[in-house]
Amino acid sequence: MQQKRRLKNRLSVVRLVLTCAIGTIALLALFSAHAFPSSTASSGHGVVESYLLNKQREIGYKRWKSGGLSWTLEFSPPQLYRPPPQPQKLDGARGLLEYEKLWKPPSNKDYAQCMEPNVSYSYPLESRGYLLVHTNGGLNQMRAGICDMVAVARIINATLVIPELDKRSFWQDLSNFSDVFDEEHFITSLANDIKVVKKLPKELATATKAVKHFRSWSGVEYYQDEISHLWDDYQVIRAAKSDSRLANNNLPPDIQKLRCRAFYEALRFAPRIEALGKLLVQRMRSYGPFVALHLRYEKDMLAFSGCTYGLSPDETEELTMIRENTAHWKIKEIDAMEQRAKGYCPLTPKEVGIFLSSLGFPSSTPIYIAAGEIYGGDAHMADLQTRFPLLMSKETLASADDLEPFTHYASQMAALDYIVSVESDVFVPSYSGNMARAVAGHRRFLGHRKTITPDRKSLIHLFDKLDRGKLKEGRKLSSLIVDIHQRRQGSPRKRKGPISGTKGMDRFRSEEAFYENPLPDCLCRTELHDRNQTLLNR
């Protein structure tokens, strides 16, 4: 009996020793993981490895010689991982900003998509001729112009020939329509609205064409009264430009709804662009909720706008020379400080960092940089990178092999950024250009996803105070910035009309762009939409 007790005691001691040993090993491993984390490069690759979510089906990766990552979807067993740091909370004017509030979208106020035509809407009438379209500008300027030309083709009873993309712009992109967009889908999805063909018939290839610069911001009457009469003498009309050729407001409801069907449904990106874009979104999702930042701090924008604040004399001279040597940029002499004071300049990367921090986004926030090459590179990105180490882009999320088919085509690269921006949890544009407006409108159309539009004029006033030492970063600055942007987060509102007191072309130019806000034309209250559907189904 005594021998059994001794044996039992010895077993207890052994069990205790083993337990302590295992516990010690676990503590040492945990200490090692926290005290000696893997090094993180400026691109964020090291952070990728430590923050990957522990899912049964997850994104796997392997290193390439170039240091990039090649990603695949694969099944992998559960693994230990270091969880992200707890999100920070920020003192603001109304107390602690809850982390969840940062990501919560605004209420859609029961607005839903309503693009269906009225019961009187007919199939396309017999075509009177062919409409050739030469688009102009960057990706989103061309997209808006193409959709407007779809509406124009309907108005003048034309067969639309697949538009020609701009190959002479600043970006020198040689992409054809089918390289950027799903051509077959575009043709078939518009079959009930207009006839679309890929090429002009051979017998008309050498026919005399009426080349016309359609008047900007024109209504239906202009196309019916002035353009339609060209069919009396010509079988082919060529639109020399496509941007801003249709009014934003006061068009027939069916024409407005057609614009939306063309923009949000028919003009889909090419399958290979869609596939990689969705994969980039998936990779960003591996970090959790993320911000897409359209950082329009690129050479062409700074040269065009004359915004040289914070740049070196050599950089300022380079941008000035670009502006002077670009013939179709009409304004050559620009006061950079006046531009900035009026809020006409894109925010700098440093200013964006202050803005996001003041809104309450913690340093652990994943941020996708939707942009081309940032002017000045790392030198101008350093402050933003320090504040938000998890800066990602298509170049860091995808391998060189993934991007190789798109690298030399600005429009295709921009399309990838567009897809990620539309799908992001929060979208923040540093400038209100064509892409910012198009993404903001698309997010409204998809349910008023959160889009924070900086009030640049007010922000510059605050940033100048920071520079002069009259204001410091902290609770006061945060409170001011949060208050200014309470109503600038993408909630439903009707499209803005012209600015009071403006006349002539300036009056139309001052209106909010149609594709920036499709309400009320293509969004309506749920109950009204249901009632209209009932009438259509009778």
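Structural remarks
- Ala292 vs. criteria modelled with pLDDT of 95 or more and buried (at least 16 other Cβ atoms within 10 Å of the Cβ): yes
- Beta carbons closer than 9 Å, at least 6 apart along the sequence or on distinct chains, pair a first residue in the stretch 441-453 that is closer than 12 Å to Ser424 by Cβ and without any contact (Cβ under 8 Å) to a residue 40 or more places away in the chain with a second that is of a type in the set (D, E, K, R) and open to solvent by less than 30 Å² (accessible area, probe 1.4 Å) for Thr451/Arg443; Thr451/Arg444.
- Evaluation of Cys345 against (1) in contact with a Ser or Thr (Cβ under 7 Å, 6 or more places away or on another chain); (2) under 19 Å from Leu397 (Cβ atoms) (one fails), failing number: (2)
- Residue check: Trp329 meets all listed conditions (1) open to solvent by 40 Å² or more (accessible area, probe 1.4 Å); (2) not in a helix (DSSP H, G or I) but one, namely (1).
- Inside the stretch 249-262, residues that are touching a Phe, Trp or Tyr at 6+ places or on another chain (Cβ under 6 Å) and either open to solvent by less than 20 Å² (accessible area, probe 1.4 Å) or assigned to a loop (DSSP other than H, G, I, E, B) (or both) make up a count of 0.
- Being buried (at least 21 other Cβ atoms within 10 Å of the Cβ) and in contact with a Ser or Thr (Cβ under 8 Å, 6 or more places away or on another chain) is a property that holds for Val428.
- Test set (1) part of a loop (DSSP other than H, G, I, E, B); (2) without any contact (Cβ under 8 Å) to a residue 60 or more places away in the chain - Leu347 fails condition number: (2)
- If you filter the stretch 389-425 down to residues that are open to solvent by less than 20 Å² (accessible area, probe 1.4 Å) and among the charged types (D, E, K, R), you find that the one that is nearest to Lys101 (Cα to Cα) is Asp417.
- Count - residues of the stretch 446-476 that are over 27 Å from the mean Cα position of the chain (by Cα) and part of a helix (DSSP H, G or I): 7
- Residue list for the stretch 335-354, restricted to those being crowded, with 17+ Cβ neighbours inside 10 Å and more than 25 Å from the chain's Cα centre (by Cα): Ala336
- The residues on offer are Arg283, Arg323, and the sole one that is free of Cβ contacts under 8 Å to residues at least 40 places away in the same chain and in contact with a helix residue (DSSP H, G or I) (Cβ under 6 Å, 6 or more places away or on another chain) is Arg323.
- Residues located in the stretch 99-156, provided they are surrounded by 15 or more Cβ atoms within 10 Å (Cβ to Cβ), under 25 Å from Tyr222 (Cα atoms), among the small types (Gly, Ala, Ser) and modelled with pLDDT under 95: Gly137
- If you filter the stretch 125-172 down to residues that are in a strand (DSSP E or B) and of a type outside the set (A, V, I, L, M), you find that the one that is farthest from Ala436 (Cα to Cα) is Gly129.
- Enumeration of residues in the stretch 189-248 that are touching a residue at least 60 places away in the same chain (Cβ under 8 Å), open to solvent by 60 Å² or more (accessible area, probe 1.4 Å) and farther than 27 Å from Asp179 by Cβ: Gln224, Tyr234, Gln235
- Filtering the stretch 473-509 to residues that are of a type in the set (Gly, Ala, Ser) and loosely packed, with under 15 Cβ neighbours inside 10 Å leaves Gly474, Gly497, Ser500, Gly501, Gly504.
- Filtered residues of the stretch 504-538 (kept if part of a loop (DSSP other than H, G, I, E, B) and modelled with pLDDT of 90 or more): Ser510, Glu511, Glu512, Ala513, Asn517, Pro518, Leu519, Pro520, Asp521, Cys522
- Enumeration of residues in the stretch 362-388 that are among the aromatic types (Phe, Trp, Tyr) and open to solvent by 10 Å² or more (accessible area, probe 1.4 Å): Tyr375
The values are calculated or read from the model by the stated rules, or taken from the named source; none is laboratory data. Being a predicted model, the structure only gives us computed values, none of them experimental. Positions of Cβ are generated from backbone atoms using ideal geometry, with glycine treated the same way; all protein chains shown enter the neighbour counts. We work out accessible area using only protein heavy atoms, side chains counted, and drop any ligands, DNA or RNA first. Shrake-Rupley method; radii C 1.70, N 1.55, O 1.52, S 1.80 Å.
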